[in-house]
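All remarks here apply to the structure that follows.
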Amino acid sequence: MRKISRRNFLLTAGVVSAAALLAACGSSTSSASSESASESTASSAESAASNEAVEYPITIQHAYGETVIEEKPESIVAIAWGNPDVPLALGVVPTGVSKANFGPVNEDGLLPWTAAGFEKLGASPNVFSDTDGWDYEAISDCAPDVILAAYSGFSEEEYNMLSQIAPTVAYPSVAWSTTWREETIVDATAMGMKSEGEALVAETDAMIQKKLAEYPAIEGKKAAFFWLSASDLSTFYIYTTLDPRAAFLTDLGMPLPDSVAALDNGKDFALTVSAENANQFSDVEIIITYGTDELLTALQADPLLSEIPAVKNGAVVLLDSSDDLAASSTPSILSIPYTIDRYLEVLNAAAEKAV
């Protein structure tokens, strides 16, 4: 089984006045809005027990060493997947953010929950594209005091380039493996808002548990996140719990099947599996994957993959790449409240088919 590159694979299968800061590095207008994306998050920063003074400098350990933040940052740039959602959820307008490169993005290049975060704060987003490499010039133009990238996968060379612009918070240990909780708390810590970030995570966890109580069929079902292609089913990918998509399923009360856990080497977020080994996944009750009904038809017609219980029973959650759920399957602190109801509904429908 070989490992694959996150940058190549991830998406083929994140309180200051905005007016003065955004004017310095350009902006565009966001049009998307949603009450559900912000209701449960906006109150967290307001109600968090954050009266205690934050002591500087703040030192954050990560994969490339440590980042020291000498004083409270005012201009905050958030790059890569999900990181822009953290300051927005905490009521802070970032001066620059990465364009989303997967899912139903709006004209500004933002996913619905991120756009709603800007709209709630009455701010216009400054968005730069880094799909083909970091836009160092655009980032520098924002004169950032800190660059948030707790969930990311850039190289040490890229990290050093970014660090020449401003103190940069890289991923904690393994590229593209930071959970939504870690992302929120690490980024919040870099903003001098650790206690608010922790309160936001606790509130979101409580919300998840409350929602789960409405779907008892989900509890205990063994689920795995796959990537499959109807055009070639000879091999497929399985995400390990290093990947936030698979880890989030365990948050939702669905344990990782033993057969999938056995593949986890602690280093790779996804692994390639030959269809000839499909019979070893006899304990997979639910599969979550990207695709449409065409994929399920192909799976059920395949002599090898059709023997996986989830496939045989039709307990397959298909996430269309143009839909919110596909993008939010890699969760962030804003995407979770925005899509949790729909995600639980489709998971529950699959759970009711599992036997």
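Annotations
- One residue stands out among those in the range 152-180 that are under 16 Å from the mean Cα position of the chain (by Cα) and aliphatic (A, V, I, L, M): the one that is nearest to Ile60 (Cα to Cα), which is Ala170.
- The condition of being at pLDDT 95 or above and either open to solvent by less than 30 Å² (accessible area, probe 1.4 Å) or among the aromatic types (Phe, Trp, Tyr) (or both) holds for Ser98.
- Residue in the range 125-142 that is within 25 Å of Ser195 (Cα to Cα), at pLDDT 95 or above, open to solvent by less than 50 Å² (accessible area, probe 1.4 Å) and not small (Gly, Ala, Ser) present: no
- Look at (1) surrounded by fewer than 18 Cβ atoms within 10 Å (Cβ to Cβ); (2) more than 30 Å from Val77 (Cβ to Cβ) and you find that Val174 fails only one, number (2).
- Given (1) under 19 Å from the mean Cα position of the chain (by Cα); (2) part of a loop (DSSP other than H, G, I, E, B), index of the condition Val201 fails: (2)
- The residues in the range 341-355 that are farther than 19 Å from Ser282 by Cβ and open to solvent by 10 Å² or more (accessible area, probe 1.4 Å) can be counted, and the count is 7.
- Filter result for Tyr338 (modelled with pLDDT of 95 or more, open to solvent by less than 20 Å² (accessible area, probe 1.4 Å) and under 24 Å from the mean Cα position of the chain (by Cα)): no
Here is a yes/no grid of residues against (1) at pLDDT 50 or above; (2) open to solvent by less than 10 Å² (accessible area, probe 1.4 Å); (3) touching a Gly at 6+ places or on another chain (Cβ under 9 Å):
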{"position": "Ala18", "(1), (2), (3)": "no, no, yes"}
{"position": "Tyr56", "(1), (2), (3)": "yes, no, yes"}
{"position": "Ala63", "(1), (2), (3)": "yes, no, no"}
{"position": "Val77", "(1), (2), (3)": "yes, yes, yes"}
{"position": "Asn106", "(1), (2), (3)": "yes, no, no"}
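- For the range 277-318, a tally of residues being open to solvent by 50 Å² or more (accessible area, probe 1.4 Å), closer than 13 Å to Ser259 by Cα and assigned to a helix (DSSP H, G or I) returns 3.
Okay, residues lined up against (1) crowded, with 24+ Cβ neighbours inside 10 Å; (2) closer than 28 Å to Lys267 by Cα; (3) at pLDDT 95 or above:
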| site | (1), (2), (3) |
| --- | --- |
| Asp145 | no, no, yes |
| Leu148 | yes, yes, yes |
| Glu158 | no, yes, yes |
| Ala170 | yes, yes, yes |
| Glu183 | yes, yes, yes |
| Ala199 | no, no, yes |
| Met207 | no, no, yes |
| Ala213 | no, no, yes |
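- The range 260-291, residues that are among the hydroxyl-bearing types (Ser, Thr, Tyr) and touching a strand residue (DSSP E or B) at 6+ places or on another chain (Cβ under 6 Å): Thr272, Ser274, Thr289, Tyr290
The values are calculated or read from the model by the stated rules, or taken from the named source; none is laboratory data. In this text, all values refer to a predicted model and were calculated from it rather than measured experimentally. Positions of Cβ are backbone-derived with ideal geometry, glycine not excepted, and every protein chain shown enters the neighbour counts. Side chains included, ligands, DNA and RNA excluded: accessible areas come from the protein's heavy atoms. Shrake-Rupley method; radii C 1.70, N 1.55, O 1.52, S 1.80 Å.
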